[in-house]
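Visitor: Handing you a structure now.
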Amino acid sequence: LCLSAREFSSALAHIKVAAIPEWVGRGADATTHFFEHAEHKLCAIVCLSESCRGRSAVEVAGLLVHEAVHVWQHHARDIGESHPGDEQEAYAIQHIAQELMTEFARRMS
């Protein structure tokens, strides 16, 4: 979870990504980037724009759930899963969203 362009650049350096894309898409409040590195390891970096700091906890949670769905969708495609079970999908998204929210809460406290 990156909350600034500086954090995003640092995260990219950590996973050895040379080309730095725009950290949050134009007009977006959040963007998820996917990278493949070292032995086909998939990495997702979720970026929240600095404007999110003024939003309510519920709005931020909504953005994080939205991005969690993108992470799950990308992972499912990556492993060749085209028809996941409803419960499999729900638990996966719940877990990803909880991880993002936990990190956001940790960083804001």
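Visitor: Roughly to the nearest percent, how much of the accessible area of the chain is carbon and sulfur, given a 1.4 Å probe?
Guide: After summing per-atom areas, the C and S share lands at 53 percent.
Visitor: For the chain, what proportion of DSSP beta bridges, expressed in % and rounded to the nearest 5, is antiparallel?
Guide: Close to 90 percent.
Visitor: Quick one: Karplus J couplings for the range 100-109, per residue in order, coefficients 6.51, -1.76, 1.60, θ = phi - 60°, nearest Hz, x for Gly and Pro?
Guide: Coupling constants for the range 100-109: 5, 5, 4, 5, 4, 4, 4, 6, 8, 8 Hz.
Visitor: With a ≥ b ≥ c the root eigenvalues of the C-alpha gyration tensor of the chain, is it rounded (a/c under 1.5), prolate (a/b larger than b/c) or oblate? Please report the intermediate quantities before stating the final value.
Guide: Working: a/c = 1.92, a/b = 1.11, b/c = 1.73.
Because a/c hits 1.5 or more and a/b fails to exceed b/c, the chain counts as oblate.
The values are calculated or read from the model by the stated rules, or taken from the named source; none is laboratory data. Bear in mind the structure is a predicted one, so any value in this text is a computation, not a measurement. Each accessible area value is taken on the protein alone, full model and side chains, heavy atoms only, with ligands, DNA and RNA left out. Shrake-Rupley method; radii C 1.70, N 1.55, O 1.52, S 1.80 Å.
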